[in-house]
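What follows is calculated from the coordinates using simple rules that are stated; it is not laboratory data. Predicted model, so just to flag it, every value in this text is computed and none were measured. Positions of Cβ are backbone-derived with ideal geometry, glycine not excepted, and every protein chain shown enters the neighbour counts.
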Amino acid sequence: MAYDEFTINRVRKQFGIQVIESPSLFGSVTPVAPSEILRTLLVSYIPLAEAIGTEKAKSEFIVAPLLAELRALAKQQISLFSGLEFNIDEAEGLTGRCDFIISASPLQLSLTSPVLMMVEAKNDNINEGLGQCMAEMVAAQRFNQQEGNETKAIYGCVTTGSNWRFLKLEDKQIWVDDTQYFIQMPEAVLGVLVHIVRQ
């Protein structure tokens, strides 16, 4: 059992999680304008990533540049991990490699305080990635509790590169934002990401 085998219903039943659909979880968040460099990169990279069509291409050409911009906006006070093995509880199935993890610590050498778990949607299906993302969020919550980190909320994101959907975990409740954000409006995506890392 690994993160990518979880469904929403399995997360609900196994961990006693209440899932709440929210019409606009981040509706009041202020958009953040991308730098001219990121804007220029996305103009070139989005069509290329879409033409290649693989998760790897979208990860490298869309998601990674956006997250690098987020780290710059946070003045390197956050750390970014890609493809990290995150084994928290084998008996519960909370094991596997995570696509991206953002930590609330500037320490890049070792994961210390995960705050955002990001899943690349398989087959461009965001909804199918929600269960995996929720399981990773539960694992991050447990990791922080074990480490004595007083992190109130853990956030999640499922993305195809083009579409982005965000989640929030507090205690035993996960809110799923009904709003999908689109990379053609990167200021909206960046606004949510900046809001998350500043919590």
### CD proxy at 222 nm, helix term only [per DSSP H run n ≥ 4: -39500 (n - 2.57); per residue of the chain; nearest 500]
-11500 deg cm²/dmol
## Note on the structure
Low-density loop trypsin sites (Lys or Arg not before Pro), the range 100-168, at most 16 other Cβ within 10 Å, DSSP non-H/G/I/E/B, are Lys152
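Taking a 23 Å limit on the Cα-Cα distance, which of the listed pairs Lys13/Lys172; Lys13/Lys168; Lys75/Lys122; Lys152/Lys172 fall beyond it?
On the way: Lys13/Lys172 11 Å; Lys13/Lys168 18 Å; Lys75/Lys122 32 Å; Lys152/Lys172 12 Å.
Listed pairs above 23 Å: Lys75/Lys122.
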### Task
Run the numbers on the chain and let me know its relative contact order in percent, using alpha-carbon pairs under 8 Å that are six or more apart.
29
## Note on the structure
So for the range 101-150, using the alpha carbon gyration tensor with a ≥ b ≥ c as root eigenvalues (a/c under 1.5 gives rounded; past that, a/b versus b/c decides prolate or oblate), I'd call it oblate
#### Entry: Label-point separation in nm, Val43 to Lys13, each point 7 Å along Cα→Cβ
5.2
### Query
Expressed in nm to one decimal, what extension gain is obtained for the pair Ala64 and Glu187 from 0.36 nm per residue of sequence separation less their Cα-Cα distance?
42.7 nm
### Query
Once the other residues with Cβ under 10 Å from the Cβ of Phe15 are scored (Lys, Arg +1; Asp, Glu -1), what is the net sum?
+4
### Task
Please build a GNM for the chain, connecting alpha carbons under 10 Å apart, and tell me which residue among Met134, Met117, Met185 fluctuates the most.
Met185
